[in-house]
Amino acid sequence: MLNIYVCEDNLKQRMLITDYIKNIILIEDYDLSLELSTDNPHEILDHIEANKNVGLYFLDIDLNYDIDGLSLARQIRRHDPRGFIVFITAHSEMCYMTFTYKVEAMDFIIKDDQDNLHSRIHQCIQSAYSRYSSTNNHTGKIFVTKIGDKEYCIPLSDIIYIETSVSPHKIILHTAYSTLEFKGQIKVTLPILGSDFVLCHRSTIVNKNHVKEIDLKGRTLTLTGGHICPIAVRYMPSIHKCFQYKN
């Protein structure tokens, strides 16, 4: 999922930008999340340090804080090298500074024209989502699925496990932040996921990197988030081997 962040010290401007973004997400029906809208740059940094998803950042330059938008962008780039940074400011003369700070900004938007502001924000969201969704951008390390008219691009590292749904011909994908049910089959999905994924049951695929504990006697796996999955007898040797290798 692509997360969106807004850092703007002017409350009126921040609410305006936030409303624009919410409306665009609703209209486009993208797999996006407006994670945080704040005047505090440290809240942005704390949040992205704790949440490793790729972000789209709309930043004011003059934040009236101990760090400005340019310094914030530089620190964001350390945590999120693939993130998309957009500056929204009243200071057009500051545009050249984005090159000095080498933060590779996606756009530089002047606040004065509100119609233009909305249009440019919309263009940035469309462009960032398109680039984020591209398999080339993720070098193949994403799982793409479609539910209705909405396409989801989930980093493989975010997937905790996948199980067969009670609904015919459907499977359920679990991450730390979402649960998605869509058309699919376990046996068809497993080869797509790669070597980090293994069957623990004919109806369940687990991500080896999310295995926290194996109970050989009870034949269960405890995964990230406290999820517990059963292990079928036939898969015990391979699961045990994976767990030993992981630890």
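Values quoted throughout were computed directly from the atomic coordinates according to the rules given, and no laboratory measurement underlies them. All values derive from a computational prediction rather than experimental measurement. Here the Cβ positions follow ideal geometry from the backbone for every residue, glycine too, while neighbour counts run over all protein chains shown.
Numbers for the structure displayed
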| quantity | calculated |
| --- | --- |
| Length added when fully stretched, Tyr65-Asp112, from 0.36 nm per residue minus Cα-Cα | 14.7 nm |
| Difference of contour (0.36 nm per residue) and Cα-Cα distance, Ser127 to Ser178 | 16.0 nm |
| Cut-off under 5 Å, modelled amide H: who pairs with Gly83 long-range | Gly55 |
| Neighbour-count order for Phe182, Phe58, fewest beta carbons within 10 angstrom listed first | Phe182, Phe58 |
| Packing-based exposure ordering (other Cβ within 10 Å, fewest first) of Leu117, Leu173, Leu193 | Leu193, Leu117, Leu173 |
| Sequence-distant aspartates and glutamates (8 or more away, or on other chains) whose Cα lies within less than 19 Å of Lys183 | Asp31, Asp149, Glu151, Glu163 |
| Approximate spin-label separation Lys212-Leu26, in nm, with each point projected 7 Å along Cα-to-Cβ | 3.7 nm |
| Ellipsoid semi-axes in whole angstrom, largest first, where each is sqrt(5λ) of the Cα gyration tensor of segment 2-133 | 19, 18, 14 |
| Reported label for calculated Rg/Rh (Cα atoms, Kirkwood Rh) given [x] 0.95; [y] 1.06; [z] 0.92 | [y] |
| Under-5 Å amide H pairs with Tyr65, H placed in peptide plane, nonlocal only | none |
| Rg/Rh (Cα only; Kirkwood hydrodynamic radius) as it applies to segment 155-246 | 0.93 |
| Computed [θ] at 222 nm, helices only, for the chain once each DSSP H run of length n ≥ 4 contributes -39500 (n - 2.57) | -10000 deg cm²/dmol |
| Farthest positive-ward along segment 9-53 dipole, Cα basis, beta-carbon charges - from Ile17, Asn51, Thr38 | Ile17 |
| Karplus (6.51, -1.76, 1.60) ³J(HN,Hα), θ = phi - 60°, over segment 25-31, in Hz, Gly and Pro reported as x | 4, 5, 5, 7, 6, 7, 7 |
| Order of His174, His240 - criterion: other Cβ atoms within 10 Å of each residue's Cβ, fewest first | His240, His174 |
| Residue pairs, from the table Lys187/Lys217; Lys52/Lys146; Lys146/Lys187; Lys170/Lys217; Lys12/Lys150, whose Cα atoms sit over 21 Å apart | Lys187/Lys217; Lys52/Lys146; Lys170/Lys217; Lys12/Lys150 |
| Cβ-placed point charges (K, R +1; D, E -1), dipole of the chain about Cα centre in debye, nearest 20 | 1900 debye |
